[in-house]
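Working notes for the structure below.
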Amino acid sequence: MKRNFIFVLATIMTKINKKEIFATTAKSIFGVVPFGGALLDELFFEYNGRIKQNRLNNFVQILADNFTEDAEINLDNIKTEDFNDLFEAVLRRVVQTKSQTKLLRFKDILIKELNKPSEESELIDVYLDLISSLSEQELIVLFHHQYFDDKFNLDFEKKNKLKEQRQKLEQKLKEERLIIDISQRGSDKNKFDAEIKEIEKRHMALDKFRTAEFYGIDEQRFVYYKQRLFSKGLVIDWGIGRIGVRPFEMMSITEFGTEFIEFIKSGEN
């Protein structure tokens with residue numbers, strides 16, 4: 001198994017090494033810089049190269065630890081075109097990150113795609129970009145906003161309608177209390193109260209996820225994270241147009257955001 005893995009890695013690295021043509025040209029340019037050329041060369045190629053090589057080595061070791069004889073990995077997919085493209089795409093991002101958490105996510109994705117390749121392989125590159133560009137804190141904010149989905153929003157609208165109906169009933173009770181059976185009206189009102197209370201109970205358990213305090217950050221950074229998630233199509237501002245609601249205060253997850261979370265979760269299982 002490890003031999004197959006190393007063969008694929010070598011094939012992909014051959015493609016990546018084509019960038020050496022650019023490196024050689026750039027080295028020549030730095031060589032003619034009268035002051036600091038040698039330092040620039042060392043910074044951009046020697047030091048930077050060592051960092052990227054160490055990151056790649058670290059990731060390969062993480063993979064090797066999982067590619068054992070006892071691991072349930074489907075080797076039939078290791079030489080497919082889709083997996084080859086995915087492997088190369090992951091390695092390009094591996095050398096750009098120092099986050100161990102991201103490396104573990106990339107590892108999980110590779111193993112998941114070996115065992116159960118995604119039907120929409122073209123979306124994987126988009127997901128990899130999101131994992132690379134979003135901080136772990138931003139991903140945590142997104143994960144907790146998965147509860148604010150269409151079902152939550154429908155519940156919210158239902159609660160508001162129930163409150164309106166209850167208000168109309170209370171008004172009728174005041175106007176007609178002399179001629180209408182009060183006990184029947186009171187029963188209807190209790191029904192509204194019980195439904196509203198049940199919805200509010202469910203929502204109160206989730207309200208904390210819409211506060212900066214829950215994530216241990218200040219409000220300004222919390223809004224910034226939500227704006228970033230919004231710009232990538234992962235959440236929407238559901239509070240737009242609502243009285244007393246500030247911009248980016250009531251965010252809801254999008255269908256794309258839900259699919260992205262499911263993609264990450266499927267790799268962790």
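In region 52-152, the convex hull through the Cα atoms has an average projected area of 7.7 nm², a quarter of its surface area. In region 202-254, one over the average inverse separation of all distinct C-alpha pairs is 11.6 Å, which is the Kirkwood hydrodynamic radius. Structure note, pairs K107/K151; K52/K116; K107/K265; K159/K265; K161/K265: Cα-Cα distances above 24 angstrom occur for K107/K151; K52/K116; K159/K265; K161/K265.
Proximity of backbone amide H atoms, modeled 1.01 Å from N, is registered between W238 and M250, M251, S252 at under 5 Å, excluding neighbours fewer than 5 places apart on the same chain. Applying 1/(1 + (r/R0)^6) with r as the Cβ-Cβ distance of K161 and R246 and R0 = 25 angstrom yields a FRET efficiency of 0.55.
Laboratory data are not the source of any read-out in this text; all were calculated from the coordinates shown. Computed from a prediction, not measured in an experiment: that's the story for all the values here. All Cβ positions, glycine included, derive from the backbone under ideal geometry; neighbour counts span all protein chains shown.
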